[in-house]
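J.: I have a structure I would like to understand better, so I am pasting it below and will then ask my questions one at a time.
What follows draws every value from the coordinates through simple rules; no lab data is involved. What you are looking at is a predicted structure, and each value in this text was computed from that prediction instead of being measured. Backbone-built Cβ (ideal geometry, glycine too); neighbour counts: all protein chains shown.
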């Protein structure tokens, strides 16, 4: 499906997502959201690891897992549990900030 052009260089991405993955709230759309989130988190971890000039093997050793697992996390194939995620973040010298949004 092509994106519907609203005006020059402005497209209706929501309509495209609705057609491709179902309306917001459907199981198909939620599955897409989960996969997209896992992929984005994997890219953040990959980029941070590269910035630290660390190999997947080195990161795996620091958190007590194996290179294959780190590869799967970076590709968005698996989502680490919260404790593993925190160990990854710590090993990469990153921090997690939890804030309450202002409504």
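J.: If we count other beta carbons within 10 Å of each Cβ, what is the order of 59, 92, fewest first?
T.: Ranked by crowding around the Cβ, least crowded first: 92, 59.
J.: Further question: Taking N as the number of residues in the range 5-91, what is its Cα Rg relative to 2.2 N^0.38 Å?
T.: 1.41
J.: For residue 65 and residue 86 in the same chain, what is the full-extension length gain: residue separation times 0.36 nm, less their Cα-Cα distance, in nm?
T.: Gain on stretching residue 65 to residue 86: 6.2 nm.
J.: Under a plain spin-label model, where a point goes 7 Å from the Cα along Cα-to-Cβ, how far apart in nm are residue 95 and residue 72?
T.: 3.2 nm
J.: Under a 10 Å cutoff between Cα atoms, tell me which one of 20, 56, 43 has the largest fluctuation in the Gaussian network model of the chain.
T.: Among 20, 56, 43, the largest mean-square fluctuation in the Gaussian network model of the chain belongs to 20.
J.: Would you calculate the separation in nanometres between label points at residue 16 and residue 58, each defined as 7 Å from the Cα along the Cα-to-beta-carbon direction?
T.: Inter-label distance under the simple model: 3.8 nm.
J.: I need 34, 62 ordered by Cβ neighbour count within 10 Å, fewest first.
T.: With the sparsest Cβ surroundings first, the list reads 34, 62.
J.: Further question on the same structure: Could you tell me how many degrees, from 0 to 90 and to the nearest 10, lie between the Cα long axis of helix 27-51 and the main elongation axis, the longest principal axis, of the Cα atoms of the chain?
T.: The two axes meet at around 40 degrees.
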